[in-house]
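Novice: Submitted below is the structure of interest, expressed as structure tokens.
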Amino acid sequence: MLWSALLLPAPDGTALPTDAALQALAIWALQFTPRVAVADEAVVMELAASVRLFGGQRALRERVHAEGAELGVTQLAWAPNSLAALALARAGVENGLQQPLDALLDALPMDTLSAVRPHRLTLSHIGCRTLGDVRLLPRGGMARRFDKQLLAALDRAYGRAPEVHPWIELPEHFSQRLELMFRVDDAPALLFGARRLLISLCGWLAARHSGTTAFTLRWAHDAMRAKSAGEGGSITLRTAEPTRQLDHLCRLLAEHLARVELLAPVGDLELVAIDVVPLEEKSASWLPDEAEGREPLHLVLERLAARLGPQRVLRPVLCEDHRPEWMCRWQPAPEPLPRKPVAGNDLPQPGFILPAPLKLLVRANRPYYQGELQLLAGPQRVEGGWWDRDDAAGQIRNVVRDYWVAQSEHAGVLWVFQTRLDEAPAWFLHGVFA
């Protein structure tokens, strides 16, 4: 068995209530193991089955330590059982595996065990200073003079009795509140508190093997506000693809908060996950990844859209349409991509398509564009559109065309088509192969 204890600082009136802070920390810890429990002012985790999954004990320790510090964790400790880990954490001893457990616990102050604290004065009067002193007292006398919890806690801490914990269950929905340590007047400064909430969100998403495509940050104004300011405000962020990358979510939120003006000082934050979808896990590779450390394109586009505006950063999206003009549409980068992928076309497709087909000169039934065109491949019949009506132009976008790959002596390889239903069939240039 391998247990870890995470200690939070005592409440001082400006931080979260202890139960709320422990609940937030426990939800974050569920990404490492489903066996998470709350013990006194700490969260304990049973990590024996998770060490290999996270790359070894050192890698797991570094990740828990780094992320836990941002959530207010003041001390981390490892031991063969949870009570021992908690006692070591209170004493500031992190590694409870480097020496025999009895020797480590015997040297700790006796008040590092919660069950000893009610009897601390009596035990000090009979000369006890450490847990080792308490453990050496006659068990019969201790059972008669003190309550049963003291002996039971000693047995569990020293590994002589089993432990029973009420495990924390992963909530179905994520909604977490944070009371700020001081009132905030500037919206970008909200990111400091919002980051703690995002860490918990990413931990919750990791435990569910999911990602989010939309979340809302709400803030409540201070009670001593002007009536015109209202109770608070909110901002909703959307991503094109599901993600639980903390750094990207923080950067995206920072870009949006930079354009927010607070109407009154803010004292409370709340983060709510709106859209949560399963996230496909990627298997680690033995070989170095050349793309490791590079930011994916969709994350860059989302950040640019947050900075410049969603209508100024567009991305192409394939549509279920075989007509070239409507085979692709442009949508704002932050909008979610279609869940169902569109099947590609195996036929030759040009790299560039003209905004509108260009009518070509025809001589002796041969199309011309910077010289006579030589038809290389075709025809490729494209027909349909009777269902698509352009209300602005008042016409139906029905096309019947035969596409050809053509060679021009000066313009290169072109994509041309010939109309079929017109009274006078004509040739048009529609694309260029790069």
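Novice: Look through region 153-170, keep the residues that are among the charged types (D, E, K, R) and part of a loop (DSSP other than H, G, I, E, B), and return whichever of them is farthest from Leu101 (Cα to Cα).
Specialist: Glu169
Novice: In the list Arg139, Arg144, Arg117, Arg135, which residue meets the criterion of being of a type outside the set (A, V, I, L, M, F, W, C) and within 17 Å of Ala39 (Cβ to Cβ)?
Specialist: The match here is Arg117.
Novice: Also: Are any residues in region 49-79 more than 20 Å from Leu30 (Cβ to Cβ) and open to solvent by 50 Å² or more (accessible area, probe 1.4 Å), and if so, which ones?
Specialist: Of everything in region 49-79, those that are more than 20 Å from Leu30 (Cβ to Cβ) and open to solvent by 50 Å² or more (accessible area, probe 1.4 Å) turn out to be Arg58, Thr74.
Novice: Is there a residue being surrounded by 14 or more Cβ atoms within 10 Å (Cβ to Cβ), of a type in the set (Asp, Glu), more than 42 Å from the chain's Cα centre (by Cα) and modelled with pLDDT of 90 or more anywhere in region 91-102?
Specialist: Checked region 91-102: no residue is surrounded by 14 or more Cβ atoms within 10 Å (Cβ to Cβ), of a type in the set (Asp, Glu), more than 42 Å from the chain's Cα centre (by Cα) and modelled with pLDDT of 90 or more.
Novice: Is there a residue being part of a helix (DSSP H, G or I), of a type in the set (Lys, Arg) and in contact (Cβ under 8 Å) with a residue 24 or more places away in the chain anywhere in region 215-230?
Specialist: no
Novice: Here is a further query. Of all residues in region 243-265, which are over 23 Å from the mean Cα position of the chain (by Cα) and open to solvent by less than 60 Å² (accessible area, probe 1.4 Å)?
Specialist: Those that are over 23 Å from the mean Cα position of the chain (by Cα) and open to solvent by less than 60 Å² (accessible area, probe 1.4 Å): Leu262, Ala264, Pro265.
Novice: Checking the structure you have, find out if any residue of region 163-171 is open to solvent by less than 20 Å² (accessible area, probe 1.4 Å) and not charged (D, E, K, R).
Specialist: Scanning region 163-171 turns up no residue that is open to solvent by less than 20 Å² (accessible area, probe 1.4 Å) and not charged (D, E, K, R).
Novice: Let me ask another. Hey, among the residues in region 406-422 that are surrounded by fewer than 21 Cβ atoms within 10 Å (Cβ to Cβ) and of a type in the set (A, V, I, L, M), which one's nearest to Leu376 (Cα to Cα)?
Specialist: Among them, the one singled out is Val413.
Novice: Show me the helices (runs of 4 or more DSSP H) entirely contained within region 36-152 in which 3 or more residues are within 26 Å of Ala20 (Cα to Cα) and in contact (Cβ under 8 Å) with a residue 12 or more places away in the chain.
Specialist: 57-70, 82-91
Novice: Of the numbered conditions (1) of a type outside the set (Phe, Trp, Tyr); (2) without any contact (Cβ under 8 Å) to a residue 12 or more places away in the chain; (3) in contact with a Leu (Cβ under 6 Å, 6 or more places away or on another chain), Ala189 satisfies every one except a single condition; which is it?
Specialist: Result: Ala189 passes all but (3).
Novice: Could you grab the pairs with beta carbons closer than 9 Å, sequence gap of 6+ or different chains, first residue in region 398-412 and touching a residue at least 40 places away in the same chain (Cβ under 8 Å) and farther than 13 Å from His322 by Cα, second one open to solvent by 20 Å² or more (accessible area, probe 1.4 Å) and hydrophobic (A, V, I, L, M, F, W, C)?
Specialist: Matching pairs, first to second residue: Val405/Leu375; Val405/Leu376; Val405/Ala377; Val405/Val413; Val405/Phe433; Ala411/Val432.
Novice: Filter region 172-197 down to the residues that are in a helix (DSSP H, G or I) and open to solvent by less than 10 Å² (accessible area, probe 1.4 Å), then identify the one that is nearest to Leu257 (Cα to Cα).
Specialist: Applying the filter and picking the extreme gives Ala187.
Novice: Please go through region 198-242 and give me each residue that is surrounded by 14 or more Cβ atoms within 10 Å (Cβ to Cβ), of a type in the set (A, V, I, L, M) and out of contact with any Cys (no Cβ under 8 Å at 6 or more places or on another chain), ordered by number.
Specialist: Listed by number, the residues that qualify are Ile199, Leu201, Leu205, Ala206, Ala207, Ala214, Leu217, Ala220, Ala229, Ile235, Leu237, Ala240.
The values are calculated or read from the model by the stated rules, or taken from the named source; none is laboratory data. All values reported here derive from a predicted model rather than from experimental measurement. Positions of Cβ are generated from backbone atoms using ideal geometry, with glycine treated the same way; all protein chains shown enter the neighbour counts. Just the protein is used for accessible areas: all its heavy atoms, side chains included, with ligands, DNA and RNA removed. Shrake-Rupley method; radii C 1.70, N 1.55, O 1.52, S 1.80 Å.
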